[in-house]
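Scroll down for the structure; my scribbles are underneath it.
Readers should treat all values here as calculations from the given coordinates under stated rules, not as data from a laboratory. Note that this is a predicted model, so its numbers are computed, not measured. Cβ coordinates were reconstructed from backbone atoms using ideal geometry, including for glycine residues, and neighbour counts include every protein chain displayed.
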């Protein structure tokens, strides 16, 4: 899946090299329409799970605490390294708000700046790759709930199998709800940093 | 700002309709494929923009290095914050 995603971006880049710059504005409209459709479909997908509310009740206070802590931590980490590398605060914040959901965060950033969009894409691809490698280690050495943190928004889909294999069923449910909340936060936080 | 509200509204409307079972079964069954199709079109368009933008191509190696650093630090930040929060809420560590 990750390979196909990267391939789609590379294919687009190669075609883009041959296209005249006058078409740049058209891509804006395409992105907005496509994103609207995608988010509507994501909503339908989430609503299909009828156990969503009873699953969530079982996780208690951690339901809110864990995603908030992950969001705050990601933002702090991104702002820290971003300041060191010379990025403005709002750009670092937007990168950190991606929470590992590389496809959505980079697409939202695309109308703002292609350069930042590539950085968001690569950063969040890296985050997912590192998460896959680190989750088993963190689960073993630090704790089950901490093992959800590197996954960010992917805790409900791509990295969920890894989390559930390395922790217990309670943590897997918490992982799903955490991913769900963080996924909802991505389309809110990323534009909040960039567009006023 | 208006785009945030639009995205969120569509997410909620989609979730509500589907939770209530008001989405046509045929559409609901194909939702994974529709999401994938949308996603790939969007990724391709994103690629187009990267290809049209000379600044990005010039800075690719630097962007790659920064991406690794951002990736590592967002992970460290979130693991530390969750760890501290659990201490605050006095949850014993489960291993």
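Side notes on the structure shown:
- Fluctuation leader among A:63, A:121, A:53 - chain A, Gaussian network, Cα springs under 10 angstrom: A:53
- Estimated [θ] at 222 nm from DSSP helical runs (n ≥ 4, -39500 (n - 2.57)) normalised by residues in chain B, nearest 500: -27500 deg cm²/dmol
- Difference of contour (0.36 nm per residue) and Cα-Cα distance, residue A:51 to residue A:28: 4.5 nm
- When Rg and the Kirkwood radius Rh are both evaluated on Cα atoms of segment B:1-57, their ratio Rg/Rh stands at 1.15.
- Principal axis dimensions, segment B:32-71 - Cα atoms, whole angstrom, descending: 35, 26, 9
- Cα centroid of segment B:30-92 to Cα centroid of segment A:62-82, whole Å: 14 Å
- Extending 7 Å from the Cα toward the beta-carbon at both residue B:13 and residue B:68 defines two label points whose distance is 4.5 nm.
- Fully extending the segment from residue A:195 to residue A:7 would add 64.8 nm, taking 0.36 nm per residue of separation and subtracting the current Cα-Cα distance.
- Panel order for A:146, A:170, A:128, by other beta carbons found within 10 Å of each beta carbon, from fewest to most: A:170, A:128, A:146.
- Values of log10 I(q)/I(0), in the order q = 0.16, 0.25 Å⁻¹, for chain B under a Debye, Cα-only, solvent-free model: -1.03, -1.17
- Among A:24, A:102, A:87: highest mean-square fluctuation, GNM of chain A, C-alpha pairs under 10 Å: A:24
- For the residues B:69, B:80, B:34, a GNM of chain B with alpha-carbon springs under 10 Å puts the largest fluctuation on B:80.
- More than 22 angstrom apart: percent of Cα pairs within segment A:27-114: 47 percent
- Working from the Cα coordinates of segment A:61-196, the gyration tensor eigenvalues give, after taking √(5λ), semi-axes of 26, 14, 13 Å in decreasing order.
- For the protein assembly as shown, alpha-carbon Rg relative to the globular expectation (2.2 N^0.38 Å, N residues): 0.98
- The angle between the Cα long axis of helix A:169-194 and the longest principal axis of the Cα atoms of chain A comes to about 30 degrees, rounded to the nearest 10.
- Rounded FRET efficiency, nearest 0.05, which uses the C-beta distance separating residue A:85 from residue A:14 and R0 of 41 Å: 0.90
- Hull-based mean projected area of segment A:114-160, where the convex hull spans the alpha carbons, in square nanometres: 3.3 nm²
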